[in-house]
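Single-structure report; data block below.
The values are calculated or read from the model by the stated rules, or taken from the named source; none is laboratory data. Just so we're clear, the structure is a prediction, and the values are computed from it rather than from any experiment. Counting neighbours? That spans all protein chains shown, and the Cβs are built from the backbone with ideal geometry, glycine included.
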Amino acid sequence: MTMTEYLDLQALVQIIGPRFAEGADDRDAADTFVASHYDVLKEHRVLSALVPVEYGGGGLSYSAVCTFIRQLAHYCPSTALAVSMHQHLVAAAVYNDANGRPGRKLLDRVAANEAVLVSTGANDWLESNGTVERVEGGFKVSASKPFASGSPVGEMLVTSAPYEDPDAGWQVLHFAVPMSAPGVSLADDWRSLGMRATGSHTIVLEGVFVPDAAVALRRARGAYHPAWNVILTVALPLIMSAYAGAAEAAATIARHQARKRPDDPSIPYLLGELTNCLTAAQIAADDMVRLANDLAFDMDLDVANAMLVRKTIVAERVLATAEKALETAGGAGFFRKLGLERLVRDVHGGQFHPLPPKRQHRFTGRIALGLDPVGAGA
């Protein structure tokens with residue numbers, strides 16, 4: 001495949017967005033992954049856009065990629081969300097590399113051939129899952145890892161698994177393995193309420209060999225590690241940009257439908273409520289990007305906590321926006337052909353990214369009390 005030069009992402013989305021919107025309803029109805037979209041993204045080197053220029057990437061800013069994902073979600077939220085999962089792994093690698101921690105290998109791989117990175121970290125959280133056996137030169141890992149967006153075209157899996165070290169006790173090992181490695185397979189199980197075209201299948205690991213050199217981090221199992229301050233800070237603005245964009249798309253449809261009923265006395269009230277809901281989501285999403293500060297942030301618990309608070313606000317407000325958009329559109333919005341009901345379903349996914357609201361409330365409340373953010377039972 002011949003790669004093209006980088007385009008301005010905001011110009012690019014206006015070109016590829018309408019193409020990506022074609023067939024969205026059919027993909028949604030058939031649970032079809034957006035595989036062909038990745039060919040386009042690779043052609044324009046979007047997947048390596050965050051990689052520093054000196055490593056062969058585009059060297060684009062983190063905030064520009066967040067904006068791209070948000071705009072792309074106006075056309076295809078599933079593509080935007082799946083791409084955000086890849087980009088947050090790249091962003092974490094950029095941050096870690098710049099701060100003297102492992103990250104360069106992933107960046108080199110992405111820059112070399114637009115390799116698609118697949119994450120399973122969110123569902124694992126502090127405990128992780130699976131079984132790990134120590135073997136000569138590394139480990140053998142068996143596990144089932146759900147919610148792996150982009151997995152049908154994934155080339156490198158970034159995940160974790162728990163290991164009982166004979167000296168240090170229970171740890172979680174963080175590592176990357178090729179999706180083509182022996183023992184890695186996909187369960188064709190992504191049948192969901194929304195975001196159906198993200199290809200977020202469960203990845204199954206059966207005795208997969210992970211060499212010692214592939215383990216980038218060992219941390220105590222069940223305890224909050226400072227690495228999460230990086231992961232949460234770089235991941236959440238990208239992920240929630242997709243949901244903010246979907247909410248904006250829903251509001252646009254609702255406004256168009258409302259203009260067809262100018263004499264309906266309820267319309268001004270509904271549009272006012274819709275605007276308030278969407279504005280709250282936009283303000284919180286914008287502030288998440290601000291906090292990430294184009295990857296020039298401190299690896300600090302206060303930043304991660306602030307990010308989690310805003311993530312909950314965005315998730316709740318995009319849901320409220322979509323529901324208000326449906327009410328504003330009236331009966332027409334109930335029909336699938338309008339595209340609004342799909343957006344209503346899609347935005348429900350926002351609440352399941354880390355941390356879900358009640359767990360975020362507890363996390364934030366414990367910090368306010370001067371306690372460890374997770375404690376027992378987190």
From Ala80, Ala122, residue being modelled with pLDDT of 95 or more and either under 22 Å from Thr233 (Cα atoms) or surrounded by fewer than 21 Cβ atoms within 10 Å (Cβ to Cβ) (or both)
Ala80
Within the range 239-255, is there a residue that is over 30 Å from Asp165 (Cβ atoms) and without any contact (Cβ under 8 Å) to a residue 40 or more places away in the chain?
no
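Taking the criterion of being among the β-branched types (Val, Ile, Thr) and farther than 30 Å from Val141 by Cβ, would at least one residue in the range 215-232 satisfy it?
Within the range 215-232 (the criterion being among the β-branched types (Val, Ile, Thr) and farther than 30 Å from Val141 by Cβ), the answer is no, since none of the residues qualifies.
Among the residues of the range 221-243, is any part of a strand (DSSP E or B) and either modelled with pLDDT under 95 or not β-branched (Val, Ile, Thr) (or both)?
Of the residues in the range 221-243, the ones part of a strand (DSSP E or B) are none.
The answer is no; no qualifying residue exists.
Please pick out the residue among Val90, Val51, Val13 that is surrounded by 16 or more Cβ atoms within 10 Å (Cβ to Cβ), in contact (Cβ under 8 Å) with a residue 12 or more places away in the chain, out of contact with any Asp or Glu (no Cβ under 6 Å at 6 or more places or on another chain) and not in a helix (DSSP H, G or I).
Val51
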Criterion: modelled with pLDDT of 95 or more and of a type outside the set (Gly, Ala, Ser) - qualifying residue of Leu89, Leu7
Leu89
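Looking at the range 252-266 only, could you name the residues that are surrounded by fewer than 24 Cβ atoms within 10 Å (Cβ to Cβ) and outside any loop (DSSP other than H, G, I, E, B)?
Within the range 252-266, Thr252, Ile253, Arg255, His256, Gln257, Ala258 meet the criteria.
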Among the listed residues Val234, Val210, which satisfies the condition of being closer than 24 Å to Pro356 by Cβ and of a type in the set (Val, Ile, Thr)?
Val234
Of everything in the range 188-205, what is of a type in the set (A, V, I, L, M) and in a helix (DSSP H, G or I)? Give them in sequence order.
Ala197
